[in-house]
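> Once you've had a glance at the structure underneath, I'll fire off some questions.
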Amino acid sequence: MVDVSAKQSTLRTAIARGRVLMYRETYDLIKADKIKKGNVLTVAQVAGIQGAKACSQIIPLCHPINLTKVSVDLGLDENANALPFECAVNIKATVKCKGETGVEMEALSAVSVAALTVFDMCKAVTKEMTIDGIKVVEKTGGKSGHWKQE
């Protein structure tokens, strides 16, 4: 790992987004809470939070960070316009800490694990889903300051 002991401790945030693209049949089952494994959005939200917390355990050179906030929001999108898929579950994770290194990897891990959970819970219906567009869209704090994707 990189030595971050000389860095200034600042408030740091990162926001990441992604989505799981799917056909309307799968979307309708999620919306109606008819997936056999349970409520997809609730389980994926909790899984995403766990994913942020476990980031340093799965990414070898990632520092363990004392996170002060993790929120994972999932929303249904019936007009995803990503042919051949009509629909999507959109995922947004916001992660905060006060420390010497950023939380971009934790935000990305949260979105990734939430997306994988959506896929896992729906794969009995169909495996024709695509995890798409996982990226950091904003970060604050540290030497580089504020950055936002345009």
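The values are calculated or read from the model by the stated rules, or taken from the named source; none is laboratory data. Just so it is clear, the model here is predicted, and its values are computed rather than measured. We place every Cβ from the backbone using ideal geometry, glycine too, and count neighbours over all the protein chains shown. The area values use the complete protein model at the heavy-atom level, side chains included, leaving out ligands, DNA and RNA. Shrake-Rupley method; radii C 1.70, N 1.55, O 1.52, S 1.80 Å.
> With the condition being among the acidic types (Asp, Glu), more than 17 Å from Arg17 (Cβ to Cβ) and in contact with a helix residue (DSSP H, G or I) (Cβ under 9 Å, 6 or more places away or on another chain), I'd like the strands (runs of 3 or more DSSP E) fully within segment 45-150 carrying at least 2 qualifying residues.
none
> Sticking with this one: Go through segment 127-150 and give me each residue that's of a type in the set (S, T, N, Q), within 16 Å of Ala93 (Cβ to Cβ) and either open to solvent by less than 60 Å² (accessible area, probe 1.4 Å) or at pLDDT 95 or above (or both).
Thr140 - this is the single residue of segment 127-150 that is of a type in the set (S, T, N, Q), within 16 Å of Ala93 (Cβ to Cβ) and either open to solvent by less than 60 Å² (accessible area, probe 1.4 Å) or at pLDDT 95 or above (or both).
> For Thr26, all conditions in the list (1) part of a helix (DSSP H, G or I); (2) within 30 Å of Thr140 (Cα to Cα) hold save one; what is the number of the exception?
(2)
Matching residues to (1) surrounded by 20 or more Cβ atoms within 10 Å (Cβ to Cβ); (2) touching a strand residue (DSSP E or B) at 6+ places or on another chain (Cβ under 7 Å); (3) free of Cβ contacts under 8 Å to residues at least 40 places away in the same chain:
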| position | (1), (2), (3) |
| --- | --- |
| Val43 | no, no, no |
| Gly48 | yes, yes, no |
| Ala54 | no, no, no |
| Cys62 | no, no, no |
| Asn66 | no, yes, yes |
| Leu74 | yes, yes, no |
| Cys87 | yes, yes, no |
| Thr94 | no, yes, no |
| Lys98 | no, yes, no |
